[in-house]
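Accompanying notes for the structure given below.
The values are calculated or read from the model by the stated rules, or taken from the named source; none is laboratory data. The model shown is predicted, which means the values in this text are computed figures rather than measured ones. Counting neighbours? That spans all protein chains shown, and the Cβs are built from the backbone with ideal geometry, glycine included. The area values use the complete protein model at the heavy-atom level, side chains included, leaving out ligands, DNA and RNA. Shrake-Rupley method; radii C 1.70, N 1.55, O 1.52, S 1.80 Å.
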Amino acid sequence: MTKRILPVLAGLALVAALAVALSSPPDVLQGDFVRILYIHVANAWLAFLAFGVTAAASIGWLVRKKPGYDRVAAASAEIGVLFTAVTLFTGMIWGKPIWGTFWDWGDARMASTALMFFVYLGYLALRRATPDRQARARRSAILGVIAVVQVPLVYFSVVLWRTLHQGLTIRPDSVQMEPAMLVALLVNVGAFSLLYLALLTARVRLARLEEAVEAHERAPAGRAVTAPRLETGQ
Amino acid sequence: MSRFWRQALQVAKRDLLVEGRAGEGVGIVLPFGALAVFVVPLATSGSASLLADLAAPVYWLVTLLFGMQLALRQTATETVPQRRLLVLLGLDPVARFVGRTLSAWVLLIGLQLVLIPLVVLFYEPEPVPTPALMLPALALYALGLAMLGTLAGDLTVGLRTRTALAPMLAAPLAVPLVMGASQSLISISRGEGILTWTLLLVATDLALAVAGVVTARPLEETAT
């Protein structure tokens with residue numbers, strides 16, 4: 001049931017988010033370019049959430065050793081990388097007309113986000129390189145816990161360093177944003193959250209199927225024949 | 001001396017002894033790093049001011065990339081039977097991490113000390129007013145790289161793609177170290193204080209030390 005409802009809901013929410021973003025008022029300084037930020041900021045927040053889920057599931061695996069945690073950690077990291085790529089791309093196309101450049105090396109937020117992207121690309125590469133399921137889960141769980149340190153660094157980079165990026169717009173005590181724009185942003189965050197959930201459940205289900213296929217392919221050879229363990233063969 | 005430190009020093013001593021016999025770091029990685037320092041000017045117009053500007057970036061880049069090669073050298077990698085034997089002998093995995101880091105740190109300091117005169121000779125950068133002030137930054141930078149290399153090496157032990165994968169995992173995480181060390185040099189050249197950058201290096205080293213200690217045991221399970 002969930003596997004059909006969630007994608008439909010996510011699709012409808014994304015259409016609604018697009019409509020709200022396009023009908024929101026233009027910014028006094030940025031004009032219509034402000035609309036890119038609704039996607040940019042929503043994707044950045046969801047990337048943080050995705051990597052946070054990866055870390056939590058990694059801890060879950062290290063404590064309980066249940067394969068479900070590993071599936072969630074891996075799926076969330078993949079989606080996090082996708083959202084980070086969208087964040088970087090939309091940031092660059094917004095930066096050219098507003099800041100006059102696609103990329104600014106002096107901006108700590110941009111540089112740290114790109115680094116976070118590469119760290120999680122490394123996480124995915126480590127998973128691909130480890131054929132044994134148990135070893136893959138352990139190694140990536142350890143890296144998943146270490147790598148999450150990047151998330152607060154990226155988030156607070158605008159506070160810690162002087163950068164082109166503006167400071168935190170939404171704080172617990174104050175919101176420095178026009179109400180109509182805030183609504184557009186929050187609707188987009190909600191829509192992308194649903195997309196994240198839809199992608200996560202689909203990817204976890206796919207991972208379970210992949211494991212079933214893998215187990216099925218191994219079966220005909222019988223227990224007398226086992227594949228060589230490439231990972232520890234030195 | 002406690003049992004832990006005796007074990008850590010034994011691991012470091014063993015690593016350096018094997019390295020001394022095999023000569024992987026001194027005989028291969030070090031000359032390769034020196035070659036990289038030598039080749040960069042050939043790919044530029046050869047302008048003296050450009051080379052002077054490139055001196056520090058080339059130095060940090062070469063120490064990062066070739067430092068990773070040193071930390072991940074084959075002579076500091078045990079086979080699975082060797083690892084199992086060490087576990088059966090009661091080697092503390094944290095002592096193993098500390099020992100391996102120490103040996104990599106010694107080699108990295110060596111790499112840095114060899115590269116400094118080469119960069120000065122070939123690139124003729126602006127002289128640094130008080131070079132001795134750079135020593136803590138260089139030591140902390142090397143220590144961070146050594147811990148990162150040891151961690152990445154343990155995460156990828158036994159994998160066929162280890163040579164490419166481990167530096168890929170380590171390089172993005174090494175950025176605070178490169179920033180701390182390179183900005184220290186810039187600050188010293190300008191006659192400014194380096195406390196902020198030293199603190200960044202110390203904080204990064206501490207975070208890596210905690211990560212190394214916490215993950216030592218699960219990583220040992222993976223490798224055996």
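Under the condition of being out of contact with any helix residue (DSSP H, G or I) (no Cβ under 6 Å at 6 or more places or on another chain) and part of a helix (DSSP H, G or I), which residue from region A:134-173 is nearest to A:Glu214 (Cα to Cα)?
A:Gln134
Looking only at region A:156-182, how many residues end up being within 24 Å of A:Gly106 (Cα to Cα) and either modelled with pLDDT under 80 or crowded, with 18+ Cβ neighbours inside 10 Å (or both)?
Pass one, region A:156-182, residues within 24 Å of A:Gly106 (Cα to Cα): A:156-170.
Adding the requirement that they be either modelled with pLDDT under 80 or crowded, with 18+ Cβ neighbours inside 10 Å (or both) leaves A:157-170.
Residues flagged as within 24 Å of A:Gly106 (Cα to Cα) and either modelled with pLDDT under 80 or crowded, with 18+ Cβ neighbours inside 10 Å (or both) within region A:156-182 amount to 14.
Does A:Ala50 meet the test of being in contact with a helix residue (DSSP H, G or I) (Cβ under 7 Å, 6 or more places away or on another chain) and within 16 Å of A:Leu124 (Cβ to Cβ)? Working first, answer last.
Details: in contact with a helix residue (DSSP H, G or I) (Cβ under 7 Å, 6 or more places away or on another chain): yes; within 16 Å of A:Leu124 (Cβ to Cβ): yes.
The answer is yes for A:Ala50.
Is it true that some residue in region B:137-160 is part of a helix (DSSP H, G or I) and of a type in the set (Lys, Arg)? First the steps, then the outcome.
We begin by selecting, within region B:137-160, every residue part of a helix (DSSP H, G or I); these are B:137-155.
From what's left, of a type in the set (Lys, Arg): none.
No, because not a single residue in region B:137-160 is part of a helix (DSSP H, G or I) and of a type in the set (Lys, Arg).
Sort through B:Ala181, B:Ala170 and tell me the only one that's away from chain A (no Cβ under 11 Å), open to solvent by less than 10 Å² (accessible area, probe 1.4 Å) and under 14 Å from the mean Cα position of the chain (by Cα).
Values: B:Ala170 fails: away from chain A (no Cβ under 11 Å).
Step by step, each of B:Ala181, B:Ala170 is checked, and only B:Ala181 is away from chain A (no Cβ under 11 Å), open to solvent by less than 10 Å² (accessible area, probe 1.4 Å) and under 14 Å from the mean Cα position of the chain (by Cα).
Within region B:199-206, does at least one residue satisfy the condition of being acidic (Asp, Glu), at pLDDT 90 or above and farther than 30 Å from A:Pro131 by Cβ? Show your work before the answer.
The first filter runs over region B:199-206 and keeps only residues acidic (Asp, Glu), leaving B:205.
Still in the running and at pLDDT 90 or above: B:205.
Okay, now just the ones that are also farther than 30 Å from A:Pro131 by Cβ, so B:205.
Yes: one or more hits.
For residues in region B:194-224 being open to solvent by 60 Å² or more (accessible area, probe 1.4 Å) and over 30 Å from A:Leu62 (Cα atoms), which is farthest from the other protein chains (Cβ to nearest Cβ)?
Looking at the filtered set, the residue picked out is B:Leu195.
Determine whether B:Leu200 is on the phi < 0 side of the Ramachandran plot and either within 18 Å of the chain's Cα centre (by Cα) or among the charged types (D, E, K, R) (or both). Full working, then the answer.
Numbers: on the phi < 0 side of the Ramachandran plot: yes; either within 18 Å of the chain's Cα centre (by Cα) or among the charged types (D, E, K, R) (or both): yes.
It is true that B:Leu200 is on the phi < 0 side of the Ramachandran plot and either within 18 Å of the chain's Cα centre (by Cα) or among the charged types (D, E, K, R) (or both).
Identify all residues within region A:134-155 that are facing chain B (nearest Cβ under 10 Å), open to solvent by 10 Å² or more (accessible area, probe 1.4 Å) and not polar (S, T, N, Q); write none if there are none.
A:Arg136, A:Arg138, A:Val145, A:Ile146, A:Val149, A:Leu153 - these are the residues of region A:134-155 that are facing chain B (nearest Cβ under 10 Å), open to solvent by 10 Å² or more (accessible area, probe 1.4 Å) and not polar (S, T, N, Q).
So, restricting to helices (runs of 4 or more DSSP H) that lie completely within region B:1-114, which ones have at least 1 residues that are open to solvent by 40 Å² or more (accessible area, probe 1.4 Å) and of a type in the set (Val, Ile, Thr)? I'd like the intermediate steps shown before the answer.
Details: elements: B:3-22, B:30-42, B:48-71, B:80-88.
In region B:1-114, the matching helices (runs of 4 or more DSSP H) lie at B:3-22, B:30-42, B:80-88.
Of the conditions (1) more than 10 Å from every other protein chain (Cβ to nearest Cβ); (2) modelled with pLDDT under 90, B:Ile186 clears all except one; give me its number.
Checking B:Ile186 against (1) more than 10 Å from every other protein chain (Cβ to nearest Cβ); (2) modelled with pLDDT under 90, the one that fails is (2).
What are the residues in region B:165-224 that are in a helix (DSSP H, G or I) and among the hydroxyl-bearing types (Ser, Thr, Tyr), if any?
In the first step, residues of region B:165-224 are kept if they are in a helix (DSSP H, G or I); the result is B:165-173, B:175-190, B:195-223.
Within region B:165-224, B:Ser182, B:Ser184, B:Ser187, B:Ser189, B:Thr196, B:Thr198, B:Thr204, B:Thr215, B:Thr222 qualify.
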